[in-house]
Each structure stands twice: as structure tokens, then as C-alpha cells.
Amino acid sequence: MSVPVILDDVTHRYGGAGGTIALEGCSLSVRSGEFAAVVGPSGCGKSTLMKLATGLQFPFQGTVTVAGNRVTKPVTMAGMAFQNPTMLPWRTTLDNVMLPLEIAQPHRSRLRKHRAEYVEKAELLLETVGLKGFGSKFPWQLSGGMQQRASLCRALIHEPDLLMLDEPFGALDAFTREELWCVIRDLHAARGFTVILVTHDLREAVFLADRIFVMSARPGRILAERTVDFPRPRDLEINYTQAFQDVVHELRGHIREARAAA
Amino acid sequence: MTTPTGPAAPREIDWIKLSPWIYTIALFVIWEVVVRILGVPPYVLPTPTAILLAAIEFWEAIWKNGLQTLMTTLAGFALAVVGGLAIGLLVGWSRAIYAGLYPLMIGFNSVPKVAVVPILVLWFGIGTVPAIITAFLISFFPVVVNVATGLATIEPEMEDVLKALGAKKLDIMLKVGIPRALPYFFGSLKVAITLAFVGSVIAETVAANSGVGHMMLTAQSNFQVPLVFAGLFVLAIEGIVAYALMAWVEKRMTGWAHRSGFAQ
Ligand SMILES: Nc1ncnc2c1ncn2[C@@H]1O[C@H](COP(=O)(O)OP(=O)(O)OP(=O)(O)O)[C@@H](O)[C@H]1O
Ligand SMILES: [Mg+2]
């Protein structure tokens, strides 16, 4: 299952009249099952875009449509991960990963009866991100990168139709980051959910995404849209091909323009 | 975490553990010596030994009044814990309630509680009830503030993660808010119990016919200065024990907060 996400001419302002205009006339359309990446200068409204697409904020103007329905309340089946892992320190890593199951339907009503099955699933997911055996540890006993991986598991455990990633790999070292790129790539290939990834790392965007949206400086709107059609499954090696470098270069150009225009 | 058990290290004196005792004893010794050398009259500042003798002589009165004050304080404290927790949860629940109640509570808290005692006497008469209520009034505020702070400082990102899963306000409170507020709550108990003593003793000195506060006032008017000081010591000891108990409870209940370096 996956869902399309459409923002149509969205303007968003924080703090009433005279407040900060974060987005202005922003339109983008992410197809069902597509892996979309959003890049843009800092403060241009990328996180705001995520909040609008999940119904955590409502646009001042324009409409947001997810799965064919206009968003008027928080969507109920999105998985989210942020730069900051925000694990709950009083829960073990496994219990943190399983938190969405206690909230989202239909798992919520099934959890009590099928607990063993869900635990197994969570442990499998932890294994995929290289955290086998760490489920019983508390998050503060894990390194930053390990917590980040656990938070990715938390975003995925309930098999969301829509995955929202707001710079989830920002604070990681280059090797861990590449490892997690592959994890996400494989999960996306296996499950086919829709992904919107916000990132500052252009290589990350080009490696993972089907389509990349470049945003202008604040108030943000979509400046350019670039389809990336490297065949899947992609190998990390494509990072070093000329074609890959060319796309990265092109995006860099767009970002430079966006920053200069600010 | 493991602490290395060193190879039969020579038995070192643990100065950190010992130092509270050393400092306390030193204080009393210096006090005794200074008072004796300077020849301070006992009706100004009695020596610790004189205070101890007075305590032994009036043991029965001290026991009875000490127990009275302790019970009064604990009753007020218990009310403060229950009431503070309830109001704290209410205040932390929504921004609107917070905005509405906060100025009221600040105003309420800035009224010196000793000024409230006459009104309480008017309503309940002289005795234990005004003291219990004073102890409650003075000690519930820190509980409210701490619980509300714990709830109000939920990471917005955590809230977003849950909301995007379809979480209701109650879910967020149960899964994140309340567990998160517990260390703040238990932390506030230490402050609250200390204040509860202040409250009950204030009321006892103004309007009661028992309790340490009342006993000290009576002793003072009879010029039994050592007994006045003995009363102080009773309060200090009760306060220290109650504080230590609350610190212990805090540590037991919220071990994760200490180990994870939460809220520091
Ligand atoms: N809760 C808020 N209240 C008021 N203004 C906000 C709020 N959140 C964001 N803004 C403003 O909206 C603008 C866009 O913020 P947003 O967080 O969406 O940027 P971003 O593109 O995610 O930036 P970064 O890349 O640094 O994360 C910023 O100018 C910011 O000051
Ligand atoms: Mg952001």
C-alpha cells in the first residue's frame, strides 16, 4: 500500500497575520510509491512542507491532498523520522520501536493478542539496520548513530503507507549513512511505500530518489524538479559514475541560484 | 556499567561519605567551644549540651509535639501531592488552561501563607486543621509547576511522530507526557516536604495549642531558651529524615532519568 501526496499552491504562515511566511505558492505532487527528495537552502520551509503533508499543520492557503483526501486532520498512517532520534529514555529500544503499534490502528487493537508476533517483527527490523541484540538496551546506552537507526525502525514498524524523513541521516558519519541509504533503498523496494525525504546531502538525494524537488529560499516554493532515472536496484558504486556526478552538479547549480536569489 | 574492583587496595577512608558527619560534629564542637569561651549567656545562645539536656528533661513534651507536627506536615504534604499532581496534569494538559491558571497561581503563591492563617482560623478555629491546610497551601505549588513543566516540555518532534500515527491527546499524555513528568514530580517532593514543615510550623506558632511551633512559643515566653532550641533541632531532624526519604523515593522511582542524564 502506498499513497500519493499532492500540495496545490500552498502558502503557509506561522504566527497569524504579519507572521513568518514559510511557504508561498508551493506545489508538488508525489506519486504513489514514489521516492521523492526535497532539497533547498536552510530555513526555506522543508520541515514545514513535511508537517503540511502529514496534517500536523494546515495551510494558510491552498490544499494538501493525501491518498485522494484533502488533509484536515493529522494523517493516521505516516511514519516519521527526524534528524534528532527522540527516543523515550524510559523505554528499551525494542519498546521504543514498538511504540507506533500502541497507537496506530489496526495494530493497536491486535497488539495485546499478537504481541509475540510483533516483537519478532520488531527484532527482525532491528536486525535489518544492524541492531540485532540491542532491543533490550535503553536508548541512552546506544550511540547516536544506533539511536538514529532505531528511530528509523520506529518509523517503519507499522508498515506505513507514507514515510516522512526529515534529514534522518544528517548527524551520522559517512559510512553509517551509506549503510542506512541501502537499508532504506531495500525497504522501499520491498514494501513500495511513498517516501518524502528532506535532505541537505545532494548525493543522498540522487542516490535514493526517483524525483528531486529543489526549493527556493524562504518563502519556499518548488524551483526545479529533476527526475532521476538510474535503474534500480542502485548500487553504492553509481555514486562514482560520471552520470551521477552530473546530476549532483546540476542540483548544486539550482541550490546556488536559490541561495543567491535570497 | 561495572566498577572495577581493584586488587586488594589498601583500605582507604571514604572522605566523601564521611564528610557530612565530620562537618556536622565540627559545627557542634565549635559552637560549644565558642559559647563557652565567650561566655555567651544561655538565654541568648545555649550550648549544644544544654540543648541536649533540655531535650532529655522535656522528652515527653518534645515527643508529643514532634509527633503532632510530623503528622500535620505529612497530612498537608499528602494533600499537596494529590492536589498538585491533579492540578499539574490539568495545567499541563492544554495551553489554554495553562494560560488561564498560571497568573492565578503565581498570584496565589506570592501571598505569604502566614497571612492566610488568620482566615483559616476564622473558618476552622484554632487547632490542627489550619496547620494542615497551611502546609498544603505552601507545598503544593512546586508540585504543580514541576508536573506541568514535565508535560509542557515534550519534544515537539515526539508529538509529531505520534500525531502522524493518529494519536489523540490522551495517548500522547499516557505514552509520553506522564512518564516524562514523573522525574519532575518526584523531584518536587523533596522541595514540597520541606515547605510543608514550614507551613505547619507557621500555623502552629500563630494558631494552635500543640505542635513544635506552639511548644517553642510557650518555651520562649517562659524563658526556657534551651527548649526553644531543642524544638529547632526536632524540626531539623524531622526535615532531614523526610527529605532523605523523598530523595530515596525519587531515586527508586526514576532511575532511568538519572542514568540517562535526562532533564539536566
Ligand atoms: N513553529 C514555528 N513558528 C514560527 N515560525 C516557524 C516555526 N517553524 C518554522 N518556522 C519558520 O518557518 C521557516 C521555515 O522553517 P522550516 O523549519 O520549515 O525550514 P527548513 O527548510 O526545514 O530548514 P532547515 O533546513 O534548517 O531544517 C523558517 O523561517 C522558520 O523560522
Ligand atoms: Mg528542517
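Quick rundown of the values:
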quantity	calculated
Subset of segment B:223-240 [of a type outside the set (D, E, K, R), in a helix (DSSP H, G or I) and in contact (Cβ under 8 Å) with a residue 40 or more places away in the chain]	B:225, B:226, B:227, B:229, B:230, B:231, B:233, B:234, B:235, B:239
Every residue from segment A:9-36 that is touching a strand residue (DSSP E or B) at 6+ places or on another chain (Cβ under 8 Å), within 13 Å of ligand 1 (Cβ to nearest atom) and not acidic (Asp, Glu)	A:10, A:11, A:12, A:13, A:14, A:19, A:20, A:21, A:22, A:23, A:26
Segment A:54-85, subset surrounded by fewer than 22 Cβ atoms within 10 Å (Cβ to Cβ) and over 16 Å from residue A:5 (Cβ atoms), residue nearest to the other protein chains (Cβ to nearest Cβ)	A:84
Residue check, residue B:194 touching a His at 6+ places or on another chain (Cβ under 8 Å), open to solvent by 30 Å² or more (accessible area, probe 1.4 Å) and assigned to a helix (DSSP H, G or I)	no
Hits in segment A:216-245 (condition: farther than 23 Å from residue A:184 by Cβ and exposed (fewer than 13 other Cβ atoms within 10 Å of the Cβ))	A:242
Answer from B:15, B:59, B:31 - the residue that is open to solvent by 100 Å² or more (accessible area, probe 1.4 Å), of a type in the set (Phe, Trp, Tyr), at pLDDT 90 or above and out of contact with any Cys (no Cβ under 8 Å at 6 or more places or on another chain)	B:59
Residue, nearest to the other protein chains (Cβ to nearest Cβ), within segment A:128-145, restricted to residues that are over 18 Å from residue A:91 (Cβ atoms) and surrounded by 15 or more Cβ atoms within 10 Å (Cβ to Cβ)	A:145
Among (1) within 13 Å of ligand 1 (Cβ to nearest atom); (2) under 14 Å from the mean Cα position of the chain (by Cα); (3) in contact (Cβ under 8 Å) with a residue 40 or more places away in the chain, the one test that residue A:201 misses	(3)
Number of the exception - residue B:184 against (1) within 14 Å of chain A (Cβ to nearest Cβ); (2) in contact (Cβ under 8 Å) with a residue 40 or more places away in the chain; (3) surrounded by fewer than 18 Cβ atoms within 10 Å (Cβ to Cβ); (4) in a helix (DSSP H, G or I)	(3)
Candidates B:136, B:77, B:108 - the one that is touching a helix residue (DSSP H, G or I) at 6+ places or on another chain (Cβ under 9 Å), within 27 Å of residue B:262 (Cα to Cα) and more than 14 Å from chain A (Cβ to nearest Cβ)	B:77
Per-region count, segment A:37-59, residues more than 19 Å from residue A:165 (Cβ to Cβ) and within 12 Å of ligand 1 (Cβ to nearest atom)	0
Any hit, segment B:34-53, residues being in contact (Cβ under 8 Å) with a residue 24 or more places away in the chain, within 27 Å of residue B:135 (Cβ to Cβ) and open to solvent by less than 40 Å² (accessible area, probe 1.4 Å)	yes
Residue pairs meeting the criteria (Cβ under 6 Å; at least 6 apart or on separate chains; first small (Gly, Ala, Ser), in segment B:116-133; second open to solvent by less than 40 Å² (accessible area, probe 1.4 Å))	B:131/B:72; B:131/B:200; B:131/B:203; B:131/B:204; B:131/B:208
Segment A:165-194 - residue that is surrounded by fewer than 17 Cβ atoms within 10 Å (Cβ to Cβ) and within 14 Å of another protein chain (Cβ to nearest Cβ) and, of those, farthest from ligand 1 (Cβ to nearest atom)	A:171
Selection status of residue A:22, open to solvent by less than 30 Å² (accessible area, probe 1.4 Å), in a strand (DSSP E or B) and either more than 16 Å from ligand 2 (Cβ to nearest atom) or within 23 Å of residue A:188 (Cβ to Cβ) (or both)	no
Residues (more than 13 Å from every other protein chain (Cβ to nearest Cβ) and either under 13 Å from the mean Cα position of the chain (by Cα) or surrounded by fewer than 24 Cβ atoms within 10 Å (Cβ to Cβ) (or both)) located in segment A:32-48	A:32, A:33, A:34, A:35, A:36, A:37, A:38, A:39, A:41, A:42, A:43, A:46
Leading residue by the ranking (farthest from residue A:197 (Cα to Cα)) among those in segment A:37-65 that are within 16 Å of ligand 2 (Cβ to nearest atom) and part of a strand (DSSP E or B)	A:39
Test: residue in segment A:86-94 that is more than 9 Å from every other protein chain (Cβ to nearest Cβ) and open to solvent by 60 Å² or more (accessible area, probe 1.4 Å)	no
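The values are calculated or read from the model by the stated rules, or taken from the named source; none is laboratory data. Bear in mind that the values here come from a model prediction, so they are computed numbers and not experimental data. All Cβ positions, even for glycine, are placed from backbone atoms using ideal geometry, and neighbour counts span all protein chains on display. The protein model used for the area step is the full one, side chains on, heavy atoms only, and it has no ligands, DNA or RNA in it. Shrake-Rupley method; radii C 1.70, N 1.55, O 1.52, S 1.80 Å.
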